[in-house]
Amino acid sequence: MDDRRYMKLALRLAERGTGYTSPNPLVGAVIVRDGKVLGEGWHKKYGDLHAERNAIASASCSLEGATMYVTLEPCCHYGHQPPCTDAIIEAGIKRVVIASVDPNPLVAGKGIEALRSHGIEVTENVMKEEADRLNEIFFHYITARTPFVALKYAMTLDGKIACYTKASEWITGEEARHHVHLLRNRYSAILTGVGTVVADDPLLTCRIPKGRNPVRIIADTMLSTPLDSRIVSTAKDVRTIIATCSYDSSRSQKYSEAGCTILNLPSENGHISINALMDSLGAEGIDSVLCECGGLLSWSLLNAGVVNKIYAFIAPKIIGGASSPTPVGGHGVPDPSLAFMLKDRRMKRFGDDLLIEGRV
C-alpha cells in the first residue's frame, strides 16, 4: 500500500481546518482498505470532533481490518472530546500510519502505546517533515506556552518598505497581498505598533471569504493610539488588545469604552517588555502572533529572541532614498557574524513578487 499517497490526502484534509482549530492542532485522517478510501475527516474547529472520529463517522461500512492514515498521533486522554484511540480500537482498524508524534505531555507516545497494546500495527514518521511544518504553531505553543511569532514584511529590491514620503501602497501586487490575508486567517493574533497605526490607520482584518479575523494587538507604551483610528473604532466588532506601560486610568477608560482590552505590562528600555507581552498572550490562550509592524518594533522582537519565523515578500522594484524606512531598524547587530539566520528556507512566487520564508 502506498503510505505516502494516502498521507498526502490526510495532510490536504488537515489544512482545511486552518484558522479554526486554534489552539488545537491541524489534523487529517483517511481510512483505507484494499486500495479503497472508506472514510476521511479532519479537525474542523476547536471543540468539535477530532479528525479520527470524523473519518470513522464518515464511513458507511465496517472498518474491520482497515488502515488509518493520520497526520498526528491519536489522543488517548479526555479533553473536549473522548480519546481517539478508543474509537480506533472499537472500529476494528488493524493498522495506523502516523506522520507526527504529538508533543503534548498528555499524549507524547502514549497514544501509540495504547494502540499497540491492543494489537494494532503502528507505522510512524511517514511524511513527518511536512506534518511537522503544518503544525509548527501547535508544537511550539504546547511546549513553550508562549505564542509562535512570525514577522512579516514587504520590501523592494533595495530593502525599502516605503518611500521617503512614507507612501507605501503598494509595495507588492494583489497575489502577494492575498497571501497575507491567508496568513492573517491562520494566525490567532496580529501585532503592530502605535507608530504604524498613526501612519497607516490599518484595519488589520482578514479579507478572504469565510476568513477569521485575528485578535489585533497594538504595542503602545504611552497609550497614545488615536481614539478615532479604524482599529479602535471597530474594537467592538474585532477583539483588540492595547499593550501599554501607562496606568492612566482616566485615559484607558476611553479605550475600554470603545471595546479595547488594556493590557498593562512592565517597561524595558523605555518600551513595553516584549517577553512579558508574549507571556501574557500565551496565558490568554493566544498560540500565534503575526507581526506587521515598523522597523523599530521588528528589531525589538528579533532582539528579544521571540521571533520564530520570517515571511519576507520582495517586489522587483527600486525606490531608493537614504531616509526611506527599512523592514528592521533599531541598533542592529555589530558584526555580520551575529546576523539572524534563517533555516528551513523556502521560496514561493506570487505574481511578480517573491516570498522567502524560513525559521529564525
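The values are calculated or read from the model by the stated rules, or taken from the named source; none is laboratory data. Please read these numbers as outputs of a predicted model, since none were measured by experiment. Virtual Cβ from ideal backbone geometry, glycine too; neighbours counted across all protein chains shown. Surface accessibility is based on the protein's heavy atoms, side chains included, excluding ligands, DNA and RNA. Shrake-Rupley method; radii C 1.70, N 1.55, O 1.52, S 1.80 Å.
In this structure, does R16 turn out to be closer than 27 Å to I137 by Cβ, open to solvent by 60 Å² or more (accessible area, probe 1.4 Å) and in contact with a Lys or Arg (Cβ under 9 Å, 6 or more places away or on another chain)? Against the criterion (closer than 27 Å to I137 by Cβ, open to solvent by 60 Å² or more (accessible area, probe 1.4 Å) and in contact with a Lys or Arg (Cβ under 9 Å, 6 or more places away or on another chain)), R16 qualifies.
Each row is one residue, and each column tells you yes or no for (1) among the hydrophobic types (A, V, I, L, M, F, W, C); (2) open to solvent by less than 30 Å² (accessible area, probe 1.4 Å); (3) under 23 Å from L11 (Cβ atoms).
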| position | (1), (2), (3) |
| --- | --- |
| K94 | no, no, yes |
| V97 | yes, yes, yes |
| P103 | no, no, yes |
| L106 | yes, no, no |
| E113 | no, no, no |
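Checking each residue in segment 127-143 for being closer than 11 Å to L11 by Cα and hydrophobic (A, V, I, L, M, F, W, C) picks out M127, A131, L134.
Residues that are under 21 Å from L183 (Cβ atoms) number at least 1 in the following helices (runs of 4 or more DSSP H) confined to segment 223-309: 230-233, 274-283, 295-303. Considering segment 311-331, the residues that are open to solvent by less than 30 Å² (accessible area, probe 1.4 Å) and outside any strand (DSSP E or B) include one that is farthest from E292 (Cα to Cα), namely G320. With respect to the stated conditions, A99 fails to be assigned to a helix (DSSP H, G or I) and among the aliphatic types (A, V, I, L, M).
A single member of G285, G259, G270 is open to solvent by 20 Å² or more (accessible area, probe 1.4 Å) and either closer than 18 Å to R145 by Cβ or in contact with a Pro (Cβ under 7 Å, 6 or more places away or on another chain) (or both), and it is G285.
Given the residues G193, G211, which is the only one that is modelled with pLDDT of 95 or more and either hydroxyl-bearing (S, T, Y) or surrounded by 14 or more Cβ atoms within 10 Å (Cβ to Cβ) (or both)? Full working, then the answer.
Working: G211 fails: modelled with pLDDT of 95 or more.
Step by step, each of G193, G211 is checked, and only G193 is modelled with pLDDT of 95 or more and either hydroxyl-bearing (S, T, Y) or surrounded by 14 or more Cβ atoms within 10 Å (Cβ to Cβ) (or both).
When segment 119-146 is limited to residues that are polar (S, T, N, Q) and part of a loop (DSSP other than H, G, I, E, B), the one that is least open to solvent (accessible area, probe 1.4 Å) turns out to be N135.
Going residue by residue through segment 225-244, is there one that turns out to be farther than 27 Å from S168 by Cβ, surrounded by fewer than 19 Cβ atoms within 10 Å (Cβ to Cβ) and either without any contact (Cβ under 8 Å) to a residue 24 or more places away in the chain or more than 19 Å from the chain's Cα centre (by Cα) (or both)? Within segment 225-244, one or more residues are farther than 27 Å from S168 by Cβ, surrounded by fewer than 19 Cβ atoms within 10 Å (Cβ to Cβ) and either without any contact (Cβ under 8 Å) to a residue 24 or more places away in the chain or more than 19 Å from the chain's Cα centre (by Cα) (or both).
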